[in-house]
Every structure is written in C-alpha cells, then in structure tokens.
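Asker: Structure incoming, see below.
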C-alpha cells in the first residue's frame, strides 16, 4: 500500500503479493498516509509494532486487558527498534457506562495507559433520537475539557 501510494510505478514479487508495473493516478495528496491496525490477536499487535502508525482498540474500558495489550504493543515496538511513543493508540468510552464524570475518569485512565485518540461511542446507551446522541457527545466534550 505504502509503495503504491508514494511511487509512480511499483513492482513487487513476494510470497503473498505480486504487483507488476502498477500505479495509482492520482496518488494521495497526503504523504505518508498513516496505517492503523485494529484487533487484539498477538499477530496484529506485532504488526502494529513492526509497521503500524497506530492501533485501534475495540475495548470500551481501560481495564487490565487494555493495559496488557498496550504494554505488549509497546514491548514489541522496542523489540523492533521503534519508539513506542511513535505508535498511536485509539480507543473509545461507552456512553452506556455511566455519565460525564465516569467518562472523564475513563479518559484519564485511557490517557495514563497511553491512548492518544479517544472518542465516545453513543450506541447502546438507550438514546432514541439524533439529538440525544449529539447531546451526549457535547456532554462528553465538556466533561473531558473540565477534567
């Protein structure tokens, strides 16, 4: 992907991929394009550490499992000769888990674990209108700014 995004023509002949004189025109304006991986399988975590710009977590709570995964990514990054701080960590807080004070506390805990990007997920919180979802997002932003 990165070769195709940054070169006029690409020829690659590897175990799983063969590309002969291919290119993308026009190429993306942003260079480089960050590549983030999602998943918690150890193979994914190692791939994040080896070549990823970030990891997208599917964990709504900053618990021991989340801490273990972030620690593993960071440890694998060191093994790969990379600075763990160069790898972003994206996660989310579930609106269904409490209210603004709980959300702010979760953001603080995620930040301590190394999260660099945190959003709120309003699904499953019992909201029945778009306005309720938007209101929760606003409350989240206010709680995080205040915290």
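The values are calculated or read from the model by the stated rules, or taken from the named source; none is laboratory data. Predicted model only: the values in this text are computed from it and were never measured. Positions of Cβ are generated from backbone atoms using ideal geometry, with glycine treated the same way; all protein chains shown enter the neighbour counts.
Asker: Take residue 140 and tell me if it is more than 23 Å from residue 1 (Cα to Cα) and touching a residue at least 12 places away in the same chain (Cβ under 8 Å). Talk me through it step by step, then tell me what you get.
Answerer: Details: more than 23 Å from residue 1 (Cα to Cα): yes; touching a residue at least 12 places away in the same chain (Cβ under 8 Å): yes.
Criteria met by residue 140.
Asker: Can you name the condition, by its number, that residue 58 falls short on among (1) at pLDDT 95 or above; (2) within 12 Å of the chain's Cα centre (by Cα)?
Answerer: Every listed condition holds for residue 58 apart from (1).
Asker: Follow-up. Among the residues of the stretch 7-19, is there at least one that is on the phi > 0 side of the Ramachandran plot, outside the structural domain of residue 133 (by TED's automatic domain parsing) and free of Cβ contacts under 8 Å to residues at least 60 places away in the same chain? Break it down into steps so the answer makes sense when it comes.
Answerer: First, pick out the residues of the stretch 7-19 that are on the phi > 0 side of the Ramachandran plot: none.
Within the stretch 7-19, not a single residue is on the phi > 0 side of the Ramachandran plot, outside the structural domain of residue 133 (by TED's automatic domain parsing) and free of Cβ contacts under 8 Å to residues at least 60 places away in the same chain.
Asker: Right, something else. I'd like to check something: does the stretch 13-28 contain any residue that is outside any loop (DSSP other than H, G, I, E, B) and surrounded by 15 or more Cβ atoms within 10 Å (Cβ to Cβ)? Don't jump to the end; show me each part of the working.
Answerer: To start, the set of residues in the stretch 13-28 that are outside any loop (DSSP other than H, G, I, E, B) comprises 13, 18-22.
Applying the additional criterion that residues be surrounded by 15 or more Cβ atoms within 10 Å (Cβ to Cβ) yields none.
Taking every residue of the stretch 13-28 in turn, none turns out to be outside any loop (DSSP other than H, G, I, E, B) and surrounded by 15 or more Cβ atoms within 10 Å (Cβ to Cβ).
Asker: Cβ-Cβ distance below 6 Å, separation of 6 or more or different chains: which pairs start in the stretch 75-101 with a residue that is under 30 Å from residue 146 (Cα atoms) and end on one that is exposed (fewer than 13 other Cβ atoms within 10 Å of the Cβ)?
Answerer: 92/119; 96/124
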